[in-house]
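FYI, it's all coordinate maths here, none of it is from the lab. Since this is a predicted model, take the numbers as computed values, not measurements. Glycine gets a Cβ as well: all are built from the backbone with ideal geometry, and neighbour counts include every protein chain shown.
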Amino acid sequence: MTIASAFLDSFPFMSQHIGLLLHQTVNHLELSGAAIGIACVIAMPLGLLLGHWHRGGFLVINLANVGRALPTLAVIALLLVVVGIGFTNIVIALVVLAIPPILTHTYVGIDRADRDAVEAARGMGMRELAILLRVELPLALPLVFAGLRTSAVFVISTAPLAALAGGEGLGVIIVNEPSYRLSGIIAATYWVAALAVLAELGAALLQRTLTPAPLRRQHTREQTRPDDASDVALAVMRGAAP
């Protein structure tokens, strides 16, 4: 079978094995969702607090560098001794992969939130927690979601490795060429790529929904102009609807 014919045969494979693909897609999403959810629970509060305190930049950068430097396959192999094979092993390895982008983007977004807006909120008597949640976090949303989107794509694209450690997901098809042939591998790869793209688009839509209207045009790390800082702070504190 040539590569060209395998690509063409991947589409009949999808129609003939749609049940298998859907079943493994659900497993793939469960695995990826668990890893991203746990990573958010760990990384976001840490990034929010350190960014608000303007402390721990050295710690965040080095943790992120260590996390990025660890090959996911090596982490899976190391965890075999501790937790064995299966779901838990893969989730931990994917959490290690997902934490660095979420942590660094959250920290940088909060740390670099417009100082004038923050000081305006303090001048109005807002408490520190309210400043963090109602001023700094909305201003940092573009960067926070950039980290979340990066982690989601990384995790979904790497999750097929689960099949090498007794896990489920689309990787079960990708690593099993004797059973599904090259056309099956290509078909499952298409589905993984589609899931990654949908995750990116879904996170972008969620970002737009949650970002207050005055901040929707803020798509980069650029800070709000000083002359607009008070207006933005007031809009956020009043709970401006998207």
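The Cα atoms of the stretch 20-141 give a gyration tensor whose axes a ≥ b ≥ c have a/c of 1.5 or more with a/b greater than b/c, which makes the shape prolate.
P(r) for the chain, from all Cα pairs and a bin width of 5 Å, is 1, 7, 13, 15, 14, 13, 11, 9, 7, 5, 4, 2, 1, 0, 0 %, short bins first.
Our coupling estimate for the stretch 25-42, obtained by passing each phi through the Karplus curve with A = 6.51, B = -1.76, C = 1.60 and θ = phi - 60°, is 5, 4, 4, 4, 5, 4, 5, 5, x, 4, 5, 5, x, 5, 4, 5, 4, 7 Hz, Gly and Pro reported as x. Each label was represented as a point 7 Å from its Cα along the Cα-to-Cβ direction; for Val81 and Ala69 these points are 1.9 nm apart. Computed about the Cα centre, the dipole magnitude for the chain is approximately 280 debye when only Lys and Arg (+1) and Asp and Glu (-1) carry charge, each at its Cβ.
3J(HN,Hα) along the stretch 178-189: x, 8, 10, 6, 5, 4, x, 4, 5, 4, 5, 5 Hz, from the Karplus curve 6.51 cos²θ - 1.76 cosθ + 1.60 with θ = phi - 60°, whole Hz, x for Gly and Pro.
Backbone geometry of the stretch 162-175 corresponds, through the Karplus equation with coefficients 6.51, -1.76 and 1.60 at θ = phi - 60°, to 3J(HN,Hα) couplings of 4, 4, 6, 10, x, x, 9, x, 5, x, 4, 7, 5, 8 Hz, x marking Gly and Pro.
Simple rule: put +1 on each Lys or Arg Cβ and -1 on each Asp or Glu Cβ in the stretch 62-147, find the dipole, and look at Pro100, Asn65, Gly84; the Cα lying farthest toward the positive end is Gly84. Across all Cα pairs in the stretch 8-69, the calculated P(r) in 10 Å bins from zero up to the longest distance comes to 18, 29, 20, 17, 13, 4 percent per bin.
Note on the chain: dipole from Cβ charges, positive end direction compared against Val26, Ser10, Gly202; the farthest Cα belongs to Gly202.
Each label was represented as a point 7 Å from its Cα along the Cα-to-Cβ direction; for Ala194 and Gln16 these points are 1.8 nm apart. Taking packing as the residue-averaged number of other Cβ atoms within 10 angstrom, the listed peptides 86-97, 55-66 run from highest to lowest as 86-97, 55-66.
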